[in-house]
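A.B. asks: Shown below is the structure under consideration.
The values are calculated or read from the model by the stated rules, or taken from the named source; none is laboratory data. All figures in this text were calculated on a predicted structure; none of them were measured in a lab. Cβ coordinates were reconstructed from backbone atoms using ideal geometry, including for glycine residues, and neighbour counts include every protein chain displayed.
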Amino acid sequence: MERGAALHGSGLALTLAGMALTTVAQSAMGDSWRVGVDAGERTALVTSGLFAHVRNPVFSAMAVTALGLGLGLGLMVPNLIAGSALVALLAAVQLQVQVVEEPYLASVHGDDYAAYSAGTGRFLPAIGRRAVREKLEA
């Protein structure tokens, strides 16, 4: 198999896996699924399924999808736009989670979210767990 076909196949597999994981993660949220944060709304804290391993599996799965697209297209036809788009997505997701999502969840769920975030990674299992002092400040 030539290099281009291998990258394309790997990219396609990652893209499809990312899309499937996004759907699974969104479905696991049930009635808590929403786009954006409404400060006046109280949603249940979802900690089961994929959420038992990472706090933001929807965003993690979106990154896998973007990486797959990058492998399938960006590495076969490398360009600054494809690389910049992936970097921009990752930066935007970090900002959304750290500035909007986590403060909302900490204010709504208090100690439950503090305990959950101390034991669960932000985007990957065990990576990005909140420290004890962060729990007390949230």
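A.B. asks: Of the conditions (1) closer than 16 Å to F59 by Cα; (2) at pLDDT below 80, G49 fails just one. Which one is it?
C.D. replies: Of (1) closer than 16 Å to F59 by Cα; (2) at pLDDT below 80, only one is false for G49: (2).
A.B. asks: Okay, moving on. Return yes when V37 is at pLDDT below 80, under 25 Å from A6 (Cα atoms) and part of a loop (DSSP other than H, G, I, E, B) and no when it is not.
C.D. replies: Spelling it out, it is not the case that V37 is at pLDDT below 80, under 25 Å from A6 (Cα atoms) and part of a loop (DSSP other than H, G, I, E, B).
A.B. asks: Still on this structure, please answer the following. Yes or no: segment 48-64 includes at least one residue that is over 29 Å from S84 (Cα atoms), touching a Phe, Trp or Tyr at 6+ places or on another chain (Cβ under 6 Å) and touching a residue at least 40 places away in the same chain (Cβ under 8 Å).
C.D. replies: For segment 48-64, residues over 29 Å from S84 (Cα atoms), touching a Phe, Trp or Tyr at 6+ places or on another chain (Cβ under 6 Å) and touching a residue at least 40 places away in the same chain (Cβ under 8 Å): absent.
A.B. asks: Going through segment 22-33 one residue at a time, which ones are under 15 Å from P57 (Cβ atoms) and over 13 Å from the mean Cα position of the chain (by Cα)?
C.D. replies: Within segment 22-33, S27, A28, M29, G30, S32, W33 meet the criteria.
A.B. asks: Same structure again: Based on what the data block shows, is A88 farther than 23 Å from S117 by Cα, at pLDDT 85 or above and either of a type outside the set (D, E) or surrounded by 18 or more Cβ atoms within 10 Å (Cβ to Cβ) (or both)?
C.D. replies: Yes.
A.B. asks: Run A106 past the list (1) at pLDDT 90 or above; (2) in contact with a strand residue (DSSP E or B) (Cβ under 7 Å, 6 or more places away or on another chain) and report the number of the one that doesn't hold.
C.D. replies: (2) is the only condition that A106 fails.
A.B. asks: Could you list all residues from segment 109-138 that are over 19 Å from the mean Cα position of the chain (by Cα) and at pLDDT below 90?
C.D. replies: A131, V132, R133, E134, K135, L136, E137, A138
A.B. asks: Cβ contacts < 7 Å: first residue among the charged types (D, E, K, R), restricted to segment 70-94; second residue at pLDDT 70 or above and surrounded by 13 or more Cβ atoms within 10 Å (Cβ to Cβ), any location; separation 6+ or different chain. Result?
C.D. replies: Filtered contacts from segment 70-94: no entries.
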